[in-house]
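The values are calculated or read from the model by the stated rules, or taken from the named source; none is laboratory data. The model shown is predicted, which means the values in this text are computed figures rather than measured ones. Positions of Cβ are backbone-derived with ideal geometry, glycine not excepted, and every protein chain shown enters the neighbour counts. Note: accessible area is taken over every heavy atom of the protein model, side chains too, but ligands, DNA and RNA are not part of it. Shrake-Rupley method; radii C 1.70, N 1.55, O 1.52, S 1.80 Å.
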Amino acid sequence: MPQQALTEAVFYILLSLQKPLHGYGIIQIVGELSGGRVKLAPGTLYGALNSLVDKGWIDALPENPESRKKEYVITNSGRTVLEEELGRLTELVENGRRLLGGN
Amino acid sequence: MRRVIHKLYWIWQLDKEEDWINEMARHGYSLEHAGRLSFEFEETEPDLYKYRTLFLKGSFGSRENTEYLRFLDEMGIKAVSHINYPGTCCVYTRGLSADHPDGLEIYSDIESRINVLKVSAGYMIFVDVFTLFGALINCMSAFNPYNSIFLLNLITGLGVTALFTASVVATVKLFMQISRLKKEREIHE
């Protein structure tokens, strides 16, 4: 079965977790990557992070006793999913440009 | 300076209650504690906080809710007060207006919004059944010829019937909101 499309939030969360980040860091990086267009709300981020941990696409790192903030990082299977999604998005963009006559 | 205001909002009036709490905050009264019939405010600078009421599955102290609220706390969103209801809880959260100038948004995706509305709708069905039962018992008792307190039963029955009607209207509105969001989800994520 072909992989289902990722939501924009999940795509950007996976993209931002190339290095360990806590929740607030993810929100900031996603905002920067999308030029401020994608604003992840905390409740949405929390649900997405739990789902991604359950799927094994990201890991929750052991808590730092100083900051008590949980950090997350992408796993190998998460990276594979992200690359497949990039392939799907590339196909969309190429087809769109071909049929609409763009570059 | 603390200010206590006694006010009643029914469970289906959480939106109205939230608007009022935010209005109070705009005028420099920040909510510190919410009870079933009273609200306690602290005098602060105007528009210091934005408030959002969350309706969560399970009790306030459950492991899931504790973890979730701790996560929100890391984001600068504090739970200032809560009320437990059977199987659910209502949590009053706030964030600095400087961080949330357009209002405190907890959910930015359609799926999460649908899930939150489903929790509210599930609880409202419970309220509907409860009030219907109360209305039926009282109205039926009022028409019992051997009942010596028929007038009391009749007044209570009519009162509870009014509550049942308001509760059903609120439930229908919730399901209409869920339906609208589901249609939107078919087009947008």
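Condition first: touching a residue at least 24 places away in the same chain (Cβ under 8 Å) and in a loop (DSSP other than H, G, I, E, B). Can you find one or more residues in segment B:45-55 that meet it? Scanning segment B:45-55, I find at least one residue that is touching a residue at least 24 places away in the same chain (Cβ under 8 Å) and in a loop (DSSP other than H, G, I, E, B), so the answer is yes. Number of residues in segment B:41-68 that are away from chain A (no Cβ under 14 Å) and within 19 Å of residue B:105 (Cβ to Cβ) equals 4.
Residues are listed down the side, and each one gets a yes or a no for (1) surrounded by 15 or more Cβ atoms within 10 Å (Cβ to Cβ); (2) free of Cβ contacts under 8 Å to residues at least 24 places away in the same chain:
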{"residue": "B:90", "(1), (2)": "yes, no"}
{"residue": "B:99", "(1), (2)": "no, yes"}
{"residue": "B:102", "(1), (2)": "no, yes"}
{"residue": "B:112", "(1), (2)": "yes, yes"}
{"residue": "B:120", "(1), (2)": "yes, no"}
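When segment A:30-69 is limited to residues that are part of a helix (DSSP H, G or I) and in contact with a strand residue (DSSP E or B) (Cβ under 7 Å, 6 or more places away or on another chain), the one that is surrounded by the fewest Cβ atoms within 10 Å (Cβ to Cβ) turns out to be A:53.
When residues of segment A:48-58 are filtered for being touching a Phe, Trp or Tyr at 6+ places or on another chain (Cβ under 7 Å) and either away from every other protein chain (no Cβ under 14 Å) or of a type in the set (Phe, Trp, Tyr) (or both), how many remain?
Total satisfying the criteria: 1.
The sole residue among B:36, B:70 that is open to solvent by 50 Å² or more (accessible area, probe 1.4 Å) and either of a type in the set (S, T, N, Q) or in a helix (DSSP H, G or I) (or both) is B:70.
Residues of segment A:31-47 being more than 13 Å from residue B:75 (Cβ to Cβ) and either touching a helix residue (DSSP H, G or I) at 6+ places or on another chain (Cβ under 7 Å) or within 10 Å of chain B (Cβ to nearest Cβ) (or both), which ones? A:33, A:34, A:38, A:47 - these are the residues of segment A:31-47 that are more than 13 Å from residue B:75 (Cβ to Cβ) and either touching a helix residue (DSSP H, G or I) at 6+ places or on another chain (Cβ under 7 Å) or within 10 Å of chain B (Cβ to nearest Cβ) (or both). Of all the residues in segment A:6-30, those that are touching a Phe, Trp or Tyr at 6+ places or on another chain (Cβ under 9 Å) and among the small types (Gly, Ala, Ser) number 1. Among the residues of segment B:69-90, the one identified as touching a helix residue (DSSP H, G or I) at 6+ places or on another chain (Cβ under 6 Å) and more than 14 Å from chain A (Cβ to nearest Cβ) is B:88. When A:12, A:72, A:24 are checked against the criterion of being part of a helix (DSSP H, G or I), hydroxyl-bearing (Ser, Thr, Tyr) and surrounded by 19 or more Cβ atoms within 10 Å (Cβ to Cβ), A:12 stands alone in meeting it.
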